[in-house]
Amino acid sequence: MLLQSTLSLALLLFSTATTAAPVDAIAMGSKHNLYLMTCKPSRDCLLIICGPDKSPYTAVGYFANGVSSGQSKRPTSTTVISNPATSWDGATKSGTIGANAFTSTIDAGASALAKGAIAGNATMGTEEFACFRDGQAKISVGGDLGDDDSSCTADYWCASTQV
């Protein structure tokens, strides 16, 4: 009877330890997120003539602590990738976010994917990200890009794969 109780306790402790490990790894994972965006400056163009500072542009928004529903959707930092805007699809784009080199590769035709479908990958420094189709999230940027506030739509959302 004592042997059976000891074995039951050991089995219980083993199963608890093996199921707790992935949860701990997830809890310790990176909260870093990247948003590959198309942005429009808040000012309208006059007579359909836009200078480079007023035309839509592509940018990357970096969120160091993720994005929660109650949080202002302003990135920790933002960098312009191209002005005027160019498509993310079927292209490798690069730039610098803070002191980190950034590169993204989005599959050709990814803009036609359903929201949440895997669309490519990205790196920032040595951290790797998996990118998914978005097309709906709205993000505000400004100030750090040297312009007025801009309204951005996240074409792709990239989650860190670092755990």
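Here are some notes:
- The range 132-151 - residue that is within 16 Å of Phe102 (Cβ to Cβ) and surrounded by 14 or more Cβ atoms within 10 Å (Cβ to Cβ) and, of those, modelled with the highest pLDDT: Val141
- Residues of the range 29-65 classified as modelled with pLDDT under 80, open to solvent by 50 Å² or more (accessible area, probe 1.4 Å) and either touching a Leu at 6+ places or on another chain (Cβ under 6 Å) or in a loop (DSSP other than H, G, I, E, B) (or both), total: 9
The values are calculated or read from the model by the stated rules, or taken from the named source; none is laboratory data. Given the structure is predicted, the values throughout are model-derived calculations rather than measurements. Cβ: placed from backbone, ideal geometry, glycine included. Neighbour counts: every protein chain shown. Remember, those area values only see protein heavy atoms, side chains included, never the ligands or the DNA or RNA. Shrake-Rupley method; radii C 1.70, N 1.55, O 1.52, S 1.80 Å.
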